[in-house]
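Since every read-out is calculated from the coordinates, none of them should be taken as a lab result. These figures come from a predicted structure and were not determined experimentally. Using ideal geometry, Cβ is built from the backbone for each residue, glycine included, and neighbour counts are taken over all protein chains shown.
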């Protein structure tokens, strides 16, 4: 059973675009469907962790809004960060999932029990993962993955029923 979902940000939770205003302030677009998926996952036992190669205040603000407590930005070695988290939190590879979209994600994708990428990832990434979303990064791809994990964990029907009563 997957109980931890680790996520990259740029190209996964966002479409990969980064906008700077004239003052150098960064802007990113996040999909609210991913946010609802994260909140549902939390309610039904999933823990979420962000490991991103880019340092970003915008990412940290979004994570705080979603109640994601473990946020690591500006990470050069994502696998090392994951290994440290495993030791600290007692995470096992088989109970961890990771979604990433580019070369700097490959080592971590190979390590976790369930690896995923987005529809618009490069083929060299798609060839090495367990699950490819039908949606592009930043367009509810993470929500799609969360639903898949919750289905595999036997929780999706409970979630749908909770909205019908």
Open item on the list: Looking at the stretch 1-88, I'd like the Rg to Rh ratio, where Rg is from alpha-carbon atoms and Rh is Kirkwood's inverse mean 1/r.
Closed with: 0.98
- [ ] Take the chain, connect every pair of alpha-carbon atoms lying under 10 Å apart with a spring to form a Gaussian network, then pick out the residue of 21, 34, 130 with the largest mean-square fluctuation.
- [x] 21
- [ ] Just the number, please: percent antiparallel of the DSSP beta bridges in the chain, rounded to the nearest 5.
- [x] 10 percent
Task: GNM top mover of 51, 38, 19 - the chain, alpha-carbon springs below 10 Å - done: 19
TODO: With 10 Å bins from zero, work out the P(r) of the stretch 4-156 over every alpha carbon pair and list the percent per bin.
DONE: 11, 45, 37, 6, 1
- [ ] Rounded to the nearest Å, what's the spacing between the alpha carbon centres of the stretch 106-165 and the stretch 1-73? Just the number, please.
- [x] 15 Å
TODO: Divide by every residue of the chain the summed helix terms, -39500 (n - 2.57) for each DSSP H run of at least 4, and state the resulting mean residue ellipticity at 222 nm, rounded to the nearest 500 deg cm²/dmol.
DONE: -11000 deg cm²/dmol
- [ ] Take peptides 93-102, 154-163, 72-81 and line them up by average Cβ neighbours within 10 Å, highest first, as a rough protection proxy.
- [x] 93-102, 72-81, 154-163
